[in-house]
Structures are given as C-alpha cells and as structure tokens.
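The values are calculated or read from the model by the stated rules, or taken from the named source; none is laboratory data. Note that the coordinates shown come from a computational prediction; the quantities given were computed from them, not determined experimentally. Every residue, glycine among them, receives a Cβ derived from its backbone with ideal geometry; neighbour counts consider all protein chains shown. Surface areas here come from the heavy atoms of the whole protein model, side chains and all, with no ligands, DNA or RNA. Shrake-Rupley method; radii C 1.70, N 1.55, O 1.52, S 1.80 Å.
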Amino acid sequence: MSQAALGCFLVAAFFGLGRTAPGLTLSFRMPFSASSSGELYQWLGHALLLVPGGVLLGLALAPWVAPAAVRLWRRLESLDARERLTGGVLVGVVAFLVARIGRFVFLLDRPVTDDEQAARFGGQVLASGRFLVELTDPLEAFPTLYLYVKDGMGSSFEWLGLQVAWALGELTGTGSLIFSLAAAVPAVAVAWVATRRLGPAWGAVGALLVLLSPMSALLSMTSHAHLLSRAALSVAVVFFVLAEEKGGRWWLGLGLMSGVAFLCRPFETLFFLAPFYLWVLWRLVRRELPVGACLGGLVLGWLPALVAFLAFNHAVTGDALLPARVSMYTFPAKLTQSDSSMLERFGANTSYNTLMLAVWFLGPVGLLLVGVGASWDRLTKLLLSSVLFLLGLALFHDNHGIHSVGPIHYSECAPALALVAVHGLKRLVEVARRAQLPPATLMAGMLGALVVGLGIFDARNALALREQAHIHETMDAFLNDAGLGRAVVLAPQYAVAWSQVPAFRRVGSFVLEWAPPHPSYESDLIILRDGEGFARKLRPRFPDRRFFRLLPGKAPEPFRLEPIPDEAPAAAPVPAADGEPH
C-alpha cells in the first residue's frame, strides 16, 4: 500500500510542476535545438518523478495482475503459426489506427513543418505528369520555402520516394493515408524479429515498446519522409535476418528495401545500413556466403532505385548526379550551410541528438534496456552500430532537426533500439530468475515505468502538438469562412501573420510559410506573398479572380481582408518576425 501511495504522490508531484515559474508549457520555437524551460522541467520530471512513480505503481499492482499476466504470457507462447500471423496483423492494425487517429485528433490533419507542405506540392507536380511547373511572376510572390526553383520553374526539393508517396495520395484521393500505413510497419517488423528469435510473447513486448516510444508514436502522426525510410529499413532488417538464414531471394529483398529507403532518405539510409553491408562484405571475403547469389541479389535489388534516382535528378536539375536537395548548397555536395568545425558539429548536432534519443526513445528505462541488450548477439551489435553510424552522420551536416516529435533525423533508430531493448529486458528477466527473484515483479515494475511514464509523456506532447495545429486551423478558418469566392489573397509571410495573435506567439510553430498553391491553381482560394507591385503583375495570370490583401486587424480581430482595386498602390512594408526567415 505504501508503494502505491508513494507512486501516486510522485505522479501528482510531476503535474504539480505546472505551478512552478517555468511550468510544464511546451512551445515550438526556432532554432530547432532550442528547448523551453517548460520542456526541460518535463524531461526532468519524467526521469525523476514519473519513471520511479510508475515503477512503484507497477510493483504495487503486481500481486493482483501477476496471475493474469502469467496466463496471458503462456497463452502467447503457445500460439501456433496461424495465430502468430493473426497476431501480427492485429499489431499492424493497432499501429495504423494509433497513427491515423492521432493525426486527425492531435495534428488536425495538418503539417508540423514546412517541408511536409513542400513535399506534397512535389507530389502534386508528379501527379500532373510533370517534374517542374511554372511558378508565378514575380517569383517572390510564390511561397518557395523548401522548393527547388530553376528559371521560373519549380517543384519540391525533397527526395523522390517522398514525392512519389504524395503523388500516389493525390492520384488515389487518399491524401496522407500511405504515411499512416508506413507508420504501422516498424511495429510489425520488430514483433516478427523478436518472435523469431525470442518467442511470441517477446514479440508482443517488442511491438509494445515501438508503440509506447514517444519518438515512434508522435512521428507516426505526421507525413515526413522519415516514416517511409523507417518502414523500409525495418523490413530490410527482416530480410537481412532471412537472408542470413536462407539466402537466395532474400538477398534480393534486402537490396530492394534498401533501395526504397535510399529513395526516401539517401544519406541516412547509407549510414544506417553500413554496418550490415560491411558485415556481409566480411563474410563474402571469408567465403562464408555464396558470392553469386548474395552479390547478384543485392545488385539487382538496388538497381531500380539507383536508376530512378539518377533519372529523376536529371529530369529536375539537368544533372543525374546532382539531386535538387543538394543543389541548394553547392556541388560537389556540401551538406552544411555554415563553416563550423567538426568539434562544433559534434557538440551542437551529435551530442544534442544523442540527448534527444535518450529522452525520446524510452527515457531512462530505454537507456538501461539498450545497454543491457546491446551485447546479446551479432544482430543486436549490428543494430546498435547502425544507430552510432547514423549519429556519426551529424558530423557532416548542421541541420539539428526538430525534436517536437522526437529527434526527427534519427527516427529510423526507434525500431532498431526497440529490438535491442527487447533483448535487454529478456536478459534482465533471466538475471532475476537466477537470483531467485520473481520475474513477474521485474516485468511489473518495468511495465509500470513505461506505461505511466511514457503514457503521460506521449499525451502531454501530443496535446502540445494539437495546440500548434490549432494555429493553422484558425488561420485556414478565417480565410475560408470569409466567403471570398475565387480569389487571390496577398499576405505577409505566414509566420508574420500568425504571430500577430499573442496566444499563437506563445505556443509557436515550425510552419513558417504558406502552403504552395496546387500546381494547376484549381483551388478557389490562392494565397501568395505580398510585395510592391505584386497585385498588378499577377492579375494577368488570374484574370477571373478578385484580389485581396491580408492586413493586421483592429482589436479584438487580429486580421482583416481588404479588396485590392485594379490600380493598387504600393504595399506597405512587411514587418519581420523575430528570428524567422524571409
């Protein structure tokens, strides 16, 4: 009883931190590596209050739940092949529903960052049968953040795999559905590998770890490329396991899924897979693998992706070796926008993202489980090496990445770390059994820490994401409910517009620019950037539309829409948002 009382007190104390000076308020502000004092209090409170509180609550409930848990465990271990398949499908359905419902409930089916909008624009361009489309004249009126622009033509600068996913959504009318489907894949893949190696019950534990991990659960609600590469790399690990056991066509499968991941996130894919391919090369050198079947399968698997990659680059930039994303810097490829030293990048990028992984994967419990399971066997060592290799990529670029859905550039690490953590938990159970301690008690404590600690952590961050999504919902509602008909609205930068509302300014958002209009300009309402003489220059392009200007309103209304006459005077200077790009 005292354990339950202390556990409840610690959980209550966490929520009590909301009354402190920094509180527990989460915000979304530039630069990406900035963390509010409320975030820091939440992270400390999670580690020092929620985790031990969850452990105590789990231990307090163990005597009541242990008998049922043992029966469930034994039932899972006795599943036959058909029941395991059904269980895998059920895991996928649950993961899909969590991602899909979360997107609509917490993100309000809206982007978290500007690159999601740019990627969708690229998909719309591809769906129209083109690689580039003509932008507006003047070009400055078009929202070009994260777009590739060349001679007045443009499209998204995102990788081909992401644009193809959006193109499929456009052509089928399913929108972001493909991303929610991709979000379900890692849980199924982790469950499959853990089941094959440790048993069905441990497969269920592995799936649970993926679903509970904040960096997995929250990213799954978005439409980022990381969802696609994470899913492809998860399946690649499955095919690697099968290829080592059975060879043959599974090497082809490994190459195919590696290529799919490459089309979505090339650099991250190469660094993540490097330990696996180095191991395969070592085994080939030692003649432990059939050279023809292995190399032939891998080459054939990679070939379609490489051909598509080169052909797409040539169609967009005119150079097969010059991707649009790289061309925004220099060529040969330079992945940094500044000349910071490698030591500076290690601290500001590698160290920062390592901390974010520790916070967002499974918190302190995850660190313990990964540390214990890392040396289980060759596969766990390869998986952990992949995580370290990927962290090493941070030494070559300076894009820290947002952390509001976890360390976004390291999302592919979540399934790998979950697999290592499952082995770590099994090792702890074996240690407890040898020490004649009840394994059920250990599992109850761990489960309490994960469910209570991560459940609250996930919920709080999801609700914060909903707050920033409310900014975009409100902005859209203001414009769509104005009854403008077929119109063009000239507006200041999006971040300048929404930051005029004090409540929005306190929350913040990483969506800084208006969504690019559909390439066909078919929408009734088109929003473009304002500037001197823009209305006069744009009218010939949109002769059948009325023109309006979005201006600051008079209290209590933050905005007003003013019709622009045919001979409009020069626009007033547009104020700048502090710290925001123009």
Per residue, accessible area of the chain with a 1.4 Å probe, heavy atoms of protein chains only, in Å², comes to 44
Given axes a ≥ b ≥ c from the Cα gyration tensor, I'd like to know whether the stretch 188-307 is rounded (a/c under 1.5), prolate (a/b larger than b/c) or oblate. oblate
Residue-level accessible surface for residue 494, protein heavy atoms, 1.4 Å, Å²: 10
Longest to shortest principal axis, alpha-carbon extents of the stretch 439-485, angstrom: 66, 13, 6
Considering only protein heavy atoms and a 1.4 Å probe, what is the carbon-and-sulfur percentage of the accessible area of the stretch 49-103? 75
For the stretch 59-112, what value does the Rg/Rh ratio take when both radii are computed over Cα atoms and Rh is the Kirkwood radius, given to two decimals? 1.21
Tell me, what is the 1.4 Å probe accessible area of residue 412, in Å² to the nearest 10? 10
Where 413, 8 fall by accessible area, highest first, once all protein chains stay in place (1.4 Å): 8, 413
Counting only protein heavy atoms and leaving out ligands, DNA and RNA, the solvent-accessible surface of residue 101 at a 1.4 Å probe, in Å² to the nearest 10, equals 100
State the antiparallel share, in %, of DSSP beta bridges confined to the chain, rounding to the nearest 5. 50
Please give me, ordered by residue number, the trypsin sites (Lys or Arg not before Pro) of the stretch 250-306 that lie in loop per DSSP and have at most 10 other Cβ atoms within 10 Å. 286, 287
In order over the stretch 490-503: 3J(HN,Hα) from phi, Karplus 6.51/-1.76/1.60, θ = phi - 60°, whole Hz, x for each Gly or Pro, gives 9, 9, x, 3, 4, 4, 5, 5, 6, 6, 6, 9, x, 5
For the chain, calculate the relative contact order in percent as a whole number, restricting contacts to Cα pairs under 8 Å that are 6 or more residues apart. 19
Among 124, 442, 25, whose Cα sits farthest toward the positive end of the charge dipole of the chain (+1 at Cβ of Lys/Arg, -1 at Cβ of Asp/Glu, about the Cα centre)? 442
Run the simple label-point estimate for residue 476 and residue 64 please: 7 Å along Cα→C-beta, distance reported in nm. 4.3
Taking only the Cα positions of the stretch 1-146, the convex hull volume per residue in Å³ is 202
What are the extents of the Cα atoms of the stretch 320-468 along their three principal axes, in Å, largest first? 62, 42, 30
Taking a ≥ b ≥ c as the square roots of the eigenvalues of the Cα gyration tensor of the stretch 417-460, is the shape rounded (a/c under 1.5), prolate (a/b larger than b/c) or oblate? oblate
Go through 192, 498, 43 and list them by solvent-accessible area, largest first, probe radius 1.4 Å. 192, 43, 498
Given unit charges at Cβ for Lys, Arg (+) and Asp, Glu (-), the dipole magnitude of the stretch 285-441 about its Cα centre in debye, nearest 20, is 600
Could you give me D for the stretch 1-42, from Stokes-Einstein at 37 °C and 0.692 mPa s, where the hydrodynamic radius is the Kirkwood radius over C-alpha pairs? Units µm² s⁻¹, please. 282
Which far-off residues, 5 or more places away or on another chain, put their amide H under 5 Å from the one on residue 28, with H placed in the peptide plane? 508, 509
When the convex hull of its Cα atoms is projected in every direction, mean area for the chain (nm²): 29.5
Calculate how steeply helix 413-434 sits against the longest principal axis of the alpha-carbon atoms of the chain, using the helix alpha-carbon long axis, and give the answer as 0 to 90 degrees to the nearest 10. 20
Between residue 527 and residues 5 or more places away or on another chain, the pairs with built amide H atoms under 5 Å apart involve 489
Exposure ranking of 195, 172 by accessible area [1.4 Å probe, largest first]: 172, 195
Tell me, rounded to the nearest percent, the portion of alpha carbon pairs in the stretch 396-494 spaced more than 15 Å apart. 79
For the chain, longest principal axis from Cα atoms; helix 291-317 axis from its Cα atoms; angle between them, nearest 10 degrees, is 20
Taking the chain as the reference, fit the longest principal axis to its C-alpha atoms, fit the long axis of helix 249-264 to the helix C-alpha atoms, and give the angle between the two in degrees, 0 to 90, nearest 10. 40
Given Cβ charges of +1 for Lys and Arg and -1 for Asp and Glu, the option among 194, 563, 305 whose Cα lies farthest towards the positive end of the dipole of the chain is 194
